[in-house]
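Presented below is the structure to which this report refers.
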Amino acid sequence: VINLFQPAVGHDELEAVGAVLASGWLGNGERARRFESAFAEYVGSSASQILTVSSCTEGLFQVLATLDVGPGDDVLLPSISFIGAAHAVRSTGARVVLCDVDPLTLNPTVDHVERALTTDTKAVLVLHYGGLPGEIAALSSWAREHHVLLIEDAACGMGSLVDGRHCGTMGDAGVWSFDPAKLMTTGDGGMIWCRNEKLAERLRRTIRLGVSTSGFARSSDTGRWWEIDPAEVGRRATMNDMAAAIGLVQLGRVPDFLRRRQEVATAYDDALGNLPWLRLPRPRGSDVAHTFYPVQTQSGLRDQLAVYLLGRGIYTNFRYWPLHRTGLYRSDTDLPGSDMAAATTLLLPVHQCLTDAEVKEVIAGVRGFPVPADREL
Ligand SMILES: Cc1ncc(COP(=O)(O)O)c(C=O)c1O
């Protein structure tokens, strides 16, 4: 099966993990610090604003809690969002308020966000759908004007820039994901960026049970490294050094990953652009990552295309099922753009491990799909 996602890991990652195993220190340590510094340099930030975390989902939970979002607050997010983002909001006691998205980009516009604004809105939590930044620069100014926090779920935004600035660093906090389906992986893991260094400092504690430093590091103060005095309640969400070692290798390979994805996307653009029943994503500049390659058909046809491609050994999917269509986050508000996107969009494989032969197979699969009459878009 040609998969939608596939991690590109090899000898260098194996060697890096081997060195951690040989060192005898497997937990959070020097490699995690080095990964944070290297990542900070990659996104053009200071290392004091960056911290590793066990996953992006956990990062979102911790960021919302640490920004003191809680009962009585509303957090606004697009209905086409990762389910864990909504859970992160709900877990604080705040209300999840959903806004619509543009059915073509699957990102919300400032207008969509504005329409969902309530007097209790404390934060807006947006993602960069499939790597596409959306109106993030305008949203960032809007959020500042309205005294609303802007949090970026940058899980799919790694490698995407707007006016030279990395997605994930445009609001008050951003979180990237390194799970195996993402541009780069650490097995599981995430990275948090905070505009405010004090927030980063607090997060460094809350991901470590509320304790600021390891017992051994404290021992120089007290001479008794077993004493603890947590500043607040926290959880355990640190990244271990095996994951960080993989991350350091993967980060160096990101430019190649981005280039290969761009090549695959261009091959799809060229070969599928003239199909009257298929809409392709708008061409992206070289500084926008292809985390997804979303195509669109008429409603109904999308499901048939997915089944047809699966029959030819090509796995596709649709992300993210609208939150307002789930039992937990059902909403009475009409969100037609989200419904339209969910009925018409399919993600084709676009990862860096695809061979030229596989790219040709995907193209042949889509072009060979027997389309009933009058299904033009
Ligand atoms: C948009 C988005 N946000 C967050 C996540 C969660 O990332 P993680 O698996 O690192 O928790 C994902 C994972 O699929 C995602 O696609």
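The values are calculated or read from the model by the stated rules, or taken from the named source; none is laboratory data. Here the structure is a predicted model, which is why all the values come from computation and not from measurement. Please note: Cβ atoms are built from the backbone with ideal geometry, for glycine as well, and neighbour counts cover all protein chains shown.
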Taking segment 115-131 as the search range and keeping residues that are touching a residue at least 24 places away in the same chain (Cβ under 8 Å) and over 23 Å from the mean Cα position of the chain (by Cα), which one is surrounded by the most Cβ atoms within 10 Å (Cβ to Cβ)?
L117
I'd like to check something: does segment 261-269 contain any residue that is modelled with pLDDT under 95 and in contact with a helix residue (DSSP H, G or I) (Cβ under 7 Å, 6 or more places away or on another chain)?
no
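To keep it simple, each residue is scored yes or no on (1) closer than 23 Å to S45 by Cβ; (2) within 16 Å of the ligand (Cβ to nearest atom); (3) at pLDDT 95 or above.
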site: V175; (1), (2), (3): yes, yes, yes
site: C194; (1), (2), (3): yes, no, yes
site: L199; (1), (2), (3): yes, no, yes
site: S220; (1), (2), (3): no, no, no
site: E232; (1), (2), (3): no, no, no
For G171, state whether it is small (G, A, S), under 15 Å from V254 (Cα atoms) and crowded, with 21+ Cβ neighbours inside 10 Å.
no
Some residue of segment 2-23 being touching a residue at least 60 places away in the same chain (Cβ under 8 Å), farther than 24 Å from D256 by Cα and of a type in the set (F, W, Y):
no
Quick one: is A32 over 30 Å from E358 (Cα atoms) and either surrounded by fewer than 20 Cβ atoms within 10 Å (Cβ to Cβ) or within 15 Å of the ligand (Cβ to nearest atom) (or both)?
no
Show the residue pairs that are 6+ apart or on different chains and have beta-carbon atoms under 9 Å apart, the first residue being within segment 308-329 and over 30 Å from D74 (Cβ atoms) and of a type in the set (F, W, Y), the second being assigned to a loop (DSSP other than H, G, I, E, B) and within 16 Å of the ligand (Cβ to nearest atom).
Y315/N3; Y315/L4; Y315/P349
Filter the helices (runs of 4 or more DSSP H) completely within segment 40-152 down to those with at least 1 residues that are among the charged types (D, E, K, R) and within 13 Å of the ligand (Cβ to nearest atom).
56-66
Looking only at segment 274-284, how many residues end up being closer than 14 Å to R261 by Cα and more than 19 Å from the chain's Cα centre (by Cα)?
1
Please find, within segment 255-276, the residue that is surrounded by the most Cβ atoms within 10 Å (Cβ to Cβ) out of those that are over 19 Å from E361 (Cα atoms) and touching a residue at least 24 places away in the same chain (Cβ under 8 Å).
L258
